[in-house]
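J.: Can you read through this structure? Questions will come right after.
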Amino acid sequence: MRLLLFSDLHRDTGAARRLVERADAADVIVGAGDFATVRRGVDDCIEVLQAIGKPAVLVAGNNETTDELRSACRHWPSAIVLHGDGTTIAGVPFFGLGGGVPVTPFGSWSHDFTEEQAEALLAACPPRAVLIAHSPPRGVVDRDSSGRSLGSVAVRAAIERSAPRLVVCGHIHASGGQFELVGQTPVVNAGPAGCLWDLEAQEPILSSQ
């Protein structure tokens with residue numbers, strides 16, 4: 001299975017159009033949140049992305065709520081928005097967690113969860129799933145421009161417990177486009193440029209597409 005992974009579009013419709021162009025090379029599209037900016041414009045990129053007819057599995061970021069994202073996707077029939085729940089596509093389980101974890105310093109507009117809330121929401125994540133979490137796990141692909149590790153303890157614990165076959169995240173822009181391992185699990189901070197990922201080979205697909 002080939003996945004097209006992305007995150008943190010923040011109303012960048014040009015980046016969304018480039019993802020649409022690349023979607024033919026993928027079996028499933030995976031979006032790890034932050035379609036909007038400060039809770040505004042969540043529809044902007046979704047209106048572009050809904051041209052993709054392939055299955056799309058999405059979570060909200062901290063810049064939009066899950067309900068706002070689901071509402072924006074109402075005319076995108078192949079999109080599935082997850083938060084504390086999962087779906088199965090071609091025999092592969094996917095599980096999602098939206099929002100910022102831990103709580104960000106950005107104020108009341110930010111769609112955030114405590115580590116304790118995230119732990120409860122992640123409890124049902126099955127083994128060997130593709131885990132989509134807007135926030136990265138603590139210690140990998142989670143460093144900001146000053147080098148601080150800002151990832152989630154709860155997301156890391158869920159990975160160590162359930163050993164997903166892949167984790168897709170975003171949120172920390174300075175680590176966008178990077179991937180590292182937690183045990184044997186690749187963790188990809190996808191970023192707005194996106195990347196193609198071969199789920200069987202457990203590696204990025206390096207191509208001109």
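J.: Which whole-Hz ³J(HN,Hα) couplings does the range 178-195 yield from phi under the Karplus relation 6.51 cos²θ - 1.76 cosθ + 1.60, θ = phi - 60°, glycine and proline marked x?
T.: Karplus-based 3J(HN,Hα) across the range 178-195 equals 10, 9, 9, 10, 10, x, 9, 8, x, 10, 10, 8, 5, x, x, 6, x, 8 Hz.
J.: Take the Cβ-Cβ distance between Val38 and Ala157 as r, set R0 to 35 Å, and report the resulting FRET efficiency rounded to the nearest 0.05.
T.: Numbers: r = 30 Å, r/R0 = 0.84.
For Val38 and Ala157, the calculated efficiency is 0.75.
J.: Continuing with the same structure: Using Cβ contacts closer than 10 Å as the measure, can you line up Thr65, Thr13 from fewest to most?
T.: Values: Thr65 18, Thr13 14.
Result, fewest neighbours first: Thr13, Thr65.
J.: Taking R0 as 22 Å, what FRET efficiency do you get between Gln184 and Arg70 from their Cβ-Cβ distance, rounded to the nearest 0.05?
T.: It comes to 0.10.
J.: What distance in nm lies between label points placed 7 Å from Cα along the C-beta direction at Ser145 and Met1?
T.: 3.6 nm
J.: If you don't mind, there's one more thing I want to ask. Dipole size in debye (nearest 20) for the chain around its Cα centre, Lys and Arg Cβ +1, Asp and Glu Cβ -1?
T.: With Lys and Arg at +1 and Asp and Glu at -1, about 140 debye.
J.: So if each residue of separation counts as 0.36 nm, and I subtract the Cα-Cα distance between Ala123 and Glu47, what length gain in nm does that give?
T.: Stretched out fully, the Ala123 to Glu47 stretch lengthens by 24.1 nm.
J.: Once label points are set 7 Å from the Cα along Cα→Cβ at both Trp109 and Asp198, what is their separation, rounded to one decimal in nm?
T.: Label-label distance for Trp109 and Asp198, simple model: 4.3 nm.
J.: Here's another thing I want to ask about it. Based on the Cβ-Cβ distance of Val20 and Thr87, what FRET efficiency does E = 1/(1 + (r/R0)^6) give at R0 = 22 Å, to the nearest 0.05?
T.: 0.50
J.: Do you know the relative contact order of the chain, to the nearest whole percent, from alpha carbon pairs under 8 angstrom that are 6+ apart?
T.: 21 percent
J.: Further question: If a/c stays under 1.5 just call it rounded; otherwise compare a/b with b/c (prolate if a/b is bigger, oblate if not). Do that for the range 108-183, with a ≥ b ≥ c from the square roots of the Cα gyration tensor eigenvalues.
T.: oblate
Read-outs throughout are calculated quantities, based only on the coordinates presented, and are distinct from any laboratory measurement. What you are looking at is a predicted structure, and each value in this text was computed from that prediction instead of being measured. A quick note on method: Cβ atoms are made from the backbone with ideal geometry, for glycine too, and the neighbour counts reach across all protein chains shown.
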